[in-house]
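To keep things clear, I will list the structure first and then write my remarks on it.
The values are calculated or read from the model by the stated rules, or taken from the named source; none is laboratory data. What you see is a predicted model; the values in this text were computed from it and never measured. All Cβ positions, glycine included, derive from the backbone under ideal geometry; neighbour counts span all protein chains shown.
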């Protein structure tokens, strides 16, 4: 009797009516102790334990001490059917436990004999615009590199800031660039010879920066403006300001002035100028239209 009551409180696989290989639900509802007697007991057995109730009605006696055991079996069967209907009759298998065996070393040996894959190169930091190397394209090399600069979809940074590059008048920057880099790659003379008569720029310096990046430095409005304009491929548009400062910042601050002379055509007033630095003063002299077929202007030789 005590064993039967204990089973009623915490059913286990031993009290499963379908055999010892079926486990019941993880939790079974507890029931309060009860007493069965008279017609009420027959009705309860009829609802919960049909086979036992039928035996009772047929006159087969059931011992009083067996009532708790019969009820626990019926209760467990009912809960089990509910559990299977709700959760299904299958459970996922537990993962296999790996047991080390001597053959495990064979796989490591095979991997050791295989060539190792090349380690992944960590991604490079985005280029911030610093100039590590530069190459000036001379006027005689311009056509050789024309395709590189013509095919680039250029983006520009102008004189919209308050750095020395923006606030210094253009003739002084042109003179310092003459000292640092030499003569420009292109002037209005080369544009006119190439049939580009609509261009009014005074000078262009072409650079190949960091071995592959095309960069152009040009005047904004001849000798009448401040600063210069820097252009490069549009994929570097976010780095143009840093690129300009890295390439020209020290030149504008520290390079000495050097004599130069250019032609410039001002389309606003339809006038030609001869502008430059003669070693003593900067000048911008109105002149008649020059014969550009003779090439770039030259400063008069210095008197001995």
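Scanning region 280-304 for residues that are more than 13 Å from residue 265 (Cα to Cα), in contact with a strand residue (DSSP E or B) (Cβ under 8 Å, 6 or more places away or on another chain) and in a loop (DSSP other than H, G, I, E, B) turns up 296, 297, 298, 299.
Of the residues making up region 44-95, just one is modelled with pLDDT of 75 or more and on the phi > 0 side of the Ramachandran plot, namely 88. When residue 250 is tested against (1) surrounded by fewer than 20 Cβ atoms within 10 Å (Cβ to Cβ); (2) at pLDDT 95 or above, just one condition goes unmet, and that condition is (2).
Going by the conditions given, is residue 232 in the same structural domain as residue 153 (by TED's automatic domain parsing), in a loop (DSSP other than H, G, I, E, B), in contact with a helix residue (DSSP H, G or I) (Cβ under 9 Å, 6 or more places away or on another chain) and under 23 Å from residue 143 (Cα atoms)? First the steps, then the outcome.
Values: in the same structural domain as residue 153 (by TED's automatic domain parsing): yes; in a loop (DSSP other than H, G, I, E, B): no; in contact with a helix residue (DSSP H, G or I) (Cβ under 9 Å, 6 or more places away or on another chain): yes; under 23 Å from residue 143 (Cα atoms): yes.
No; evaluated as a whole, the condition is false for this residue.
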